[in-house]
1. Which value, in debye to the nearest 20, describes the size of the charge dipole of the chain about its Cα centre when Lys and Arg Cβ atoms bear +1, Asp and Glu Cβ atoms bear -1, and nothing else is charged?
2. Might you tell me the accessible area per residue for the range 31-71, computed with a 1.4 Å probe and given in Å²?
3. Would you look at the GNM of the chain, springs on alpha carbons closer than 10 Å, and say which of Ser88, Ser40, Ser25 moves the most?
4. Would any residue of the range 110-149 have its amide N under 12 Å from a label point 7 Å out along Cα→Cβ of Ile32? List them or say none.
5. Using amide H atoms built 1.01 Å from N in the peptide plane, name the residues 5+ places from Leu78, or on other chains, whose amide H lies under 5 Å from its own.
6. Using amide H atoms built 1.01 Å from N in the peptide plane, name the residues 5+ places from Ile120, or on other chains, whose amide H lies under 5 Å from its own.
7. Cross-link list Lys27/Lys152; Lys72/Lys152; Lys18/Lys133; Lys100/Lys125; Lys10/Lys152: which exceed 25 angstrom alpha carbon to alpha carbon?
8. Heads up, I need the accessible area for Asp150: 1.4 angstrom probe, whole protein in place, Å², nearest 10.
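The values are calculated or read from the model by the stated rules, or taken from the named source; none is laboratory data. A quick note: this is a predicted structure, and the numbers were derived from the prediction, not measured. Positions of Cβ are backbone-derived with ideal geometry, glycine not excepted, and every protein chain shown enters the neighbour counts. To get the accessible areas, we keep the full protein, side chains included, count just its heavy atoms, and leave off ligands, DNA and RNA. Shrake-Rupley method; radii C 1.70, N 1.55, O 1.52, S 1.80 Å.
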Amino acid sequence: MLDGIFGPDKFRSEIIWKRTSAHNSAKRWGPIHDVILFYSASDEFTWEDVHQSYDQEYINSFFVHEDPDGRKWRRADLTGAGTRNGESGKPWRGINVSAKGRHWAVPHGELDRLDAAGRIHWPLKQGGVPQRKRYVDELPGMPLQDLVLDIKPVHNVGQERLG
């Protein structure tokens, strides 16, 4: 029906909302989710990036490093796939990532700025490539996905309840 109203080319996403209150049915799987179909009226529509907080399990698994001030961070690659002929393909601080089929992902000046700010992790291993420090408190969170699990139910006497 929505394809007929908007056109099949205006379909954008199917979102699954898992309800926190569920009920069983006698002869079928218990229905615990709703499907929201996202269409736009045209190709020109406003999109707002929405992020949710990282799960503590994710933080504990990936943000395993800590600065002396207690800020947690993870290592992130400072290189990109493939070689380049410009500045990003040239060695920086004696490290030639082109030899490994890669290039610097940011200009040398930005690498210098990050290093001066203490934002680069230098590996102890000889020949290791420096990594960028990504602090958990500076990241916006996980982009919202098409499976929504964390919406709490409306209280049975809540003003939001519309019936």
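1. On the way: 23 positive and 23 negative charges, 151 e Å.
The dipole of the chain has a size of about 720 debye.
2. Values: 3270 Å² over 41 residues.
Per residue, the range 31-71 has an accessible area of 80 Å².
3. With Cα springs under 10 Å in the chain, the top fluctuation among Ser88, Ser40, Ser25 is at Ser25.
4. 149
5. Arg132
6. Here Lys133 satisfy the definition.
7. Lys27/Lys152; Lys72/Lys152; Lys18/Lys133; Lys10/Lys152
8. 100
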